[in-house]
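S.K.: First, the structure itself, so that you have it in front of you.
The values are calculated or read from the model by the stated rules, or taken from the named source; none is laboratory data. Owing to the predicted nature of the structure, the values given are computational and were not obtained by experimental measurement. All Cβ positions, even for glycine, are placed from backbone atoms using ideal geometry, and neighbour counts span all protein chains on display.
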Amino acid sequence: MSILEREGRLLVAAAEEAGTGAKVPTCPGWQVTDLLRHTGAVHRWAAGFVAEGHGTGRPMDEPPGLDGAELLDWYREAHVHLVGTLRGAPADVACWYFLPAPSPLAFWARRQAHETAVHRFDAEAARGGAPSGIAGDFAADGVDELLRGFHARAKSRVRSAEPKVLRVRATDVDGAVWTVRLTQEPPAAERGETGDADCEVTGPASQLYLSLWNRVPFPAVSGDLSVAELWRETSGVG
């Protein structure tokens with residue numbers, strides 16, 4: 001929970017420095033206004049499941065058409081509300097969630113921490129200057145969520161007519177290796193180094209995290225470069 005709290009504070013601080021009209025280079029077509037509206041709406045949407053115990057999925061509410069200082073305050077309120085809701089919820093709270101997790105509460109805390117961390121990076125990209133760091137263990141967890149969670153779903157567009165194997169290896173976190181099998185079905189990812197790989201991407205966990213979310217280039221790629229390019233072109237999460 002402390003990571004979610006920190007990332008939200010960094011996000012809104014960077015957004016305020018950048019100005020709500022600034023372009024977000026990591027999200028083509030977006031301004032900081034769009035980033036704040038989106039992330040604030042996601043925070044309120046997530047908090048609603050936990051606070052109200054909704055047992056099925058439901059769409060997000062449209063964010064208000066605020067801008068400038070009013071939008072920054074609206075985002076701050078959404079973030080504080082989310083953190084407070086998660087902290088105050090019972091461990092066995094029952095509600096809808098959409099990726100494998102030990103519990104609904106664990107899912108929403110993890111998902112919102114990563115949602116906020118990636119969009120904090122976006123806000124800092126809009127501001128310019130050096131981005132805040134991402135801890136290796138947290139980044140490795142985010143890679144795991146993306147590969148074994150998001151892209152295991154039928155929604156994933158990462159498909160290959162010819163079977164290929166992508167290996168993802170963090171160089172700074174013990175055991176942070178994934179083998180991803182790409183076919184005409186959703187990607188099948190597992191922890192560990194199993195069998196040969198057609199392509200391998202390697203680097204610090206924080207850089208792999210951001211590159212797999214298409215925020216920065218891959219740190220290093222070896223083998224069949226077309227496999228890495230396939231990921232870049234088709235892995236956007238809608």
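S.K.: Within the stretch 144-158, is there a residue that is over 14 Å from the mean Cα position of the chain (by Cα) and in a helix (DSSP H, G or I)?
M.R.: For the stretch 144-158, residues over 14 Å from the mean Cα position of the chain (by Cα) and in a helix (DSSP H, G or I): present.
S.K.: Working only within the stretch 56-79, note down all residues that are part of a helix (DSSP H, G or I) and either without any contact (Cβ under 8 Å) to a residue 40 or more places away in the chain or surrounded by fewer than 13 Cβ atoms within 10 Å (Cβ to Cβ) (or both).
M.R.: Step one: list which residues in the stretch 56-79 are part of a helix (DSSP H, G or I), which gives 68-79.
Hits for the stretch 56-79 are G68, A69, E70, D73, W74, E77, A78.
S.K.: Among the residues of the stretch 110-132, is there at least one that is at pLDDT 95 or above, of a type in the set (A, V, I, L, M) and part of a loop (DSSP other than H, G, I, E, B)? Full working, then the answer.
M.R.: Narrowing the stretch 110-132 to residues at pLDDT 95 or above: 110-132.
Now narrow it down to the ones that are of a type in the set (A, V, I, L, M): 113, 117-118, 123, 125-126, 130.
With the extra rule that they be part of a loop (DSSP other than H, G, I, E, B), the set shrinks to 130.
Yes, the stretch 110-132 contains at least one residue that is at pLDDT 95 or above, of a type in the set (A, V, I, L, M) and part of a loop (DSSP other than H, G, I, E, B).
S.K.: I'd like to verify a number: residues in the stretch 178-217 that are closer than 14 Å to A140 by Cα, in contact (Cβ under 8 Å) with a residue 60 or more places away in the chain and part of a loop (DSSP other than H, G, I, E, B), how many?
M.R.: 2
S.K.: Quick one: would you say R232 is within 28 Å of A123 (Cα to Cα), at pLDDT 95 or above, part of a loop (DSSP other than H, G, I, E, B) and not small (G, A, S)?
M.R.: Criteria not met by R232.
S.K.: If the requirement is being assigned by TED's automatic domain parsing to the domain that holds V227, closer than 24 Å to C27 by Cβ and in contact (Cβ under 8 Å) with a residue 12 or more places away in the chain, which of these qualifies: R169, R153, R111?
M.R.: Going through R169, R153, R111 in turn, just one is assigned by TED's automatic domain parsing to the domain that holds V227, closer than 24 Å to C27 by Cβ and in contact (Cβ under 8 Å) with a residue 12 or more places away in the chain: R153.
S.K.: Step by step: first the residues of the stretch 1-16, then only those that are closer than 20 Å to A89 by Cβ and in contact (Cβ under 8 Å) with a residue 60 or more places away in the chain, then the one that is surrounded by the fewest Cβ atoms within 10 Å (Cβ to Cβ). Which residue is that?
M.R.: M1
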